[in-house]
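One structure below.
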Amino acid sequence: MSYRENELRSSLTLAVPIILNRHYHSVNFKNIESAWFVETHKELLDSTFSSILMSIIEAMFLDSFDYDQYLKLLEKEGFEQGVYTAEIFGDHFDSLLEMSKDLNLTTQNIMFKIIEEIVDDSTIRLIFYNRLMECNWIRFTGFAQGYLSNKNQQIDHLHEQKIAVMGQMAAGMAHEIRNPLASIKGFAQLINNRLYEPEIKADELRAYLDITIKEIDALNGLVTDFLVLARKGDGTKHNGVVFNVIEVIHRVNNIVNQLILSDDIILSVEYSLENVMTFGSASQLEQVILNILKNSIDSFTAFRGRIDISVTTTAETNEIILIFKDNGEGIPQDKLDRIFDPFFTTKQKGTGIGLSICKQLIEMYGGHIKVDSEVRVGTSVIVTLPWVVKVI
């Protein structure tokens, strides 16, 4: 055996209070509401999170049959906890989702290091990584389904239709998540086979591990997008601040220029004022703009691409107008009306979540987003934001 099971189990167990302390420390710095929630409900959170982590640790050492049974039970428990959360902490669901995401990341970072230090065999390490990720995601899925099921009984007819869409999304999450997990498992098996060969090719094995890490990152991104889309935006509006849109444009410009470094794409930015202030979340606006620009980049095929960004203001309505114009393939008119629908996508590998999230984040602070497009001509995305003319 390439690892000492008792030592690994003991080390993971002893790490639980360390994970929780680091998790709470991280959450307390996010916003005042999260810090208040942790302080008020710490005893219950300690009990719940500790139980979840201990359960996952035990699952990592189960045989295949017992592990499959555990996953079914885990999804059921997650569903029940989602129902309970909606009933008891419905007003703080955004905080709980953010905490769950942070707890998962903290757990992975700490437990991955422990596994890496104790388990010598890279194939076995990947199996443990796989199980840790799978348990986290399945509980997330069950939790979201439980929450949405409960809220579906408390809202009016219009919102009930929206929740139905989210219910379909939650039902499909397990499938979306298990596909990358199957890929991770496949590479683990491939690595295992390579280890039996006379000559071990470290570069090849390292490449396989790099792919598994990318798959894990993709999973985390998918779940993060799902959680952002599923939660109600109104609950976080009061966390907004006044910030400079031009600074966000500069940050995004630097990021995107790295993405298109080797591509035949020109990115142009035009604005007349250095300070264009709005109220909201700078990080969320950055996420929106990145999503829009990545869509533009994906729309270019075998021709020279160009993306023009302009920032203007209008005193009549106190609005900021951001226009993102590309000369990509464009979107057919029959699909243009559906581009903001969750899970609708024109991309072969798209999830259909990105623009839905963009619309939600922009409207959260009183803005609007509109898309005009023509096939073989290009697409223009117009984002309108409130303009804070005077900052006191």
Size of electric dipole in region 240-386: Cβ of Lys, Arg +1 and of Asp, Glu -1, about Cα centre, debye, nearest 20
380
With just the Cα atoms of region 240-386, tell me how far they stretch along each of the three principal axes, in Å, largest first.
39, 31, 26
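Listing Thr278, Thr48, Thr85 from the residue with the fewest other Cβ atoms within 10 Å to the one with the most, what is the order? Walk me through the intermediate numbers first.
On the way: Thr278 23, Thr48 14, Thr85 20.
Exposure proxy ranking, most exposed first: Thr48, Thr85, Thr278.
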Computed E for Asn318/Asp46 - FRET, C-beta separation, R0 35 angstrom, nearest 0.05:
0.15
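Give the residue list of trypsin sites (Lys or Arg not before Pro) in region 287-319 that are DSSP loop and have at most 12 other beta-carbon atoms within 10 angstrom.
Numbers: sites: Lys294, Arg304, Arg306; in loops: Arg304.
The qualifying sites are Arg304.
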Which residues qualify? For Val269, with a placed amide H closer than 5 Å and at least 5 residues away or on another chain, they are Ile309
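Pull out the extension gain between Asn254 and Ser283, defined as 0.36 nm times the separation in residues minus the alpha carbon to alpha carbon distance; nm, one decimal. Working shown, then result.
Values: separation 29, 0.36 × 29 = 10.44 nm, distance 1.47 nm.
Here the answer is 9.0 nm.
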Pull out a ≥ b ≥ c, the square roots of the eigenvalues of the alpha-carbon gyration tensor of region 46-133, then state rounded if a/c is under 1.5, prolate if not and a/b is larger than b/c, and oblate in the remaining case.
oblate
Quick check on my link table: of Lys42/Lys76; Lys325/Lys359; Lys185/Lys294; Lys335/Lys370; Lys101/Lys370; Lys214/Lys294, which ones sit more than 22 Å apart, alpha carbon to alpha carbon?
Lys42/Lys76; Lys185/Lys294; Lys101/Lys370
For the residue pair Lys72 and Ser10, what label-to-label distance in nm results when each label sits 7 Å from Cα along the Cα-to-beta-carbon direction?
3.5
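Determine, from the Cβ-Cβ distance of Glu116 and Ser55 and an R0 of 25 Å, the FRET efficiency 1/(1 + (r/R0)^6), rounded to the nearest 0.05.
Details: r = 22 Å, r/R0 = 0.89.
Once rounded, the FRET efficiency stands at 0.65.
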Put a dot 7 Å past each Cα toward the Cβ at Ala35 and Ser183; how far apart are the dots in nm?
4.0
3J(HN,Hα) from dihedral phi, region 70-78, Karplus parametrisation 6.51/-1.76/1.60, rounded to Hz, x for glycine, proline:
5, 4, 5, 5, 4, 5, 5, 5, x
Distance in nm between His368 and Asp217 label points, each 7 Å along Cα→Cβ, equals 3.8
Could you line up Arg131, Arg338 from fewest to most neighbouring Cβ atoms inside 10 Å?
Arg338, Arg131
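FYI, it's all coordinate maths here, none of it is from the lab. Bear in mind that the values here come from a model prediction, so they are computed numbers and not experimental data. A quick note on method: Cβ atoms are made from the backbone with ideal geometry, for glycine too, and the neighbour counts reach across all protein chains shown.
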